[in-house]
Every structure is written in C-alpha cells, then in structure tokens.
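Here's the structure, in structure tokens; my notes come after.
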Amino acid sequence: MNARKKYSKEFKLDAISLVLEQQYTRVGAARSLEINPNMITRWIKEYEQDNDGHAFRGNGKLTPEQEEIRQLKAKVCCGCTCKGLLANLKITK
C-alpha cells in the first residue's frame, strides 16, 4: 500500500494561486502539478472558508480557539477529579 502524500502549505497556496490568480482551470493546474483535480477543489474550498488565516495548519496543530477549549476542558476534568478525591477523603475532627 502506498503512503499518502503530504503537501506543504506553500504548495497548496501555489496551487490555489494558479487557479484563482493566474486563470488556470482546476484540471489544467492539477495536470501541471501532477495531482488530482479534486485536491485543488478541496484546497480552494478550505482556503475560501478560512476567515482567520488558519487554513492548512497541518495535523495536530490547533487554532488558538481550539487550544483554549482543550485547556479549559482539561481544567474542568481536573476539577471533577479533585472534587471526587475530596469527597472520598474521610476527614476526622
């Protein structure tokens, strides 16, 4: 089985530029880059939906909002664990 190819952010932006700025067709750009035209279509959609400059972050790289949510969830989880531990402690006077 072949491993999936990974394309850099710069490569994707260059491919998008061929279509959006240099008036290549998606098929023409894909042929010249030797990739599937569906990939360029998907990259263009992702690029156009990106409002805050976080398109093509890469695997595991979170947006600042996603990172904040992850940290808050960890704090909430820790709070639940701490409450559970405190409830199980027997405090004698």
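Values computed for the structure shown
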| read-out | value |
| --- | --- |
| Residues located in region 51-68, provided they are surrounded by 12 or more Cβ atoms within 10 Å (Cβ to Cβ) and at pLDDT 80 or above | none |
| Subset of region 30-46 [under 12 Å from Leu13 (Cα atoms) and over 23 Å from the mean Cα position of the chain (by Cα)] | none |
| Residues (surrounded by 13 or more Cβ atoms within 10 Å (Cβ to Cβ) and over 14 Å from Arg42 (Cα atoms)) located in region 18-32 | Leu18, Tyr24, Gly28 |
| Region 3-17, residues that are surrounded by 12 or more Cβ atoms within 10 Å (Cβ to Cβ) and outside any helix (DSSP H, G or I) | Tyr7 |
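The values are calculated or read from the model by the stated rules, or taken from the named source; none is laboratory data. In this text, all values refer to a predicted model and were calculated from it rather than measured experimentally. In this analysis, Cβ positions are derived from the backbone assuming ideal geometry, glycine residues included, and neighbour counts consider all displayed protein chains.
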